[in-house]
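Chemist: Take a look at this one; I'll ask things after.
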Amino acid sequence: MSGTGEALEVWIDQDLCTGDGICAQYAPEVFELDIDGLAYVKGPDDELRQQPGETAPVPLTILQDVVDSAKECPGDCIHVRRVSDRVEVYGPDAEDA
Ligand code: SF4
C-alpha cells in the first residue's frame, strides 16, 4: 500500500459530491454532511473545512476507512494525498488507485 506510514491529508471536491453520505458512514471521524447536503472533511477540532480544496489530516488508525470511502465514493471526489509532496495516493487522480 503506497503512502503507508507517511502523513496523509484528505479533501473533497464538493462540486462532484452527490451527498449520499457513504464517506460519513465509513469514516465519521473525518467526513461529515453539512446542512447543504454535501460532505466536508473535518479536523481533530471537529470543525468542517469548507474552503474549496481545504484538507484535513488522515489519522493512520482510520486510514483504511478513508481509503475505502475514496474507492466507494460515487462522485469520485475524495482525494487522499501525501502531506510532504501533495501527491495523490488514493482517489481519482492517484496513479495506482
Ligand atoms: S462518498 Fe463521495 S459523493 Fe458520497 S457524500 Fe461522500 S464525498 Fe460526497
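Coordinate-derived values only; no laboratory data. Values in this document were obtained by computation on a predicted structure and should not be read as measured data. Neighbour counts are summed over all protein chains in view; Cβ atoms, including those assigned to glycine, are modelled from backbone coordinates with ideal geometry.
Chemist: With the crude spin-label approximation of a point 7 Å out along Cα→Cβ, what separation in nm comes out for Ile35 versus Leu60?
Modeler: 3.9 nm
Chemist: Now for a separate question. Hey, what angle do you get for helix 63-72 against the long axis of the chain, alpha-carbon based, 0 to 90 degrees rounded to 10?
Modeler: So the inclination is approximately 60 degrees.
Chemist: Pulled fully out, how much extra length does the chain show between Thr18 and Gln51, if you take 0.36 nm times their separation in residues and subtract their Cα-Cα distance?
Modeler: Working: separation 33, 0.36 × 33 = 11.88 nm, distance 1.78 nm.
Taking 0.36 nm per residue and subtracting the Cα distance, the gain is 10.1 nm.
Chemist: Let me ask something else. Could you give me the radius of gyration and the Dmax of the chain, taking only the C-alpha atoms into account and expressing both in angstrom?
Modeler: 11.8, 35
Chemist: Give the long-range amide H neighbours of Leu8: residues separated by 5 or more places, or on another chain, with amide H under 5 Å away, using H modelled in the peptide plane at 1.01 Å from N.
Modeler: Val58, Val83
Chemist: Just how far, in whole angstrom, is region 72-97 from region 5-56 if you go by their alpha carbon centroids?
Modeler: 13 Å
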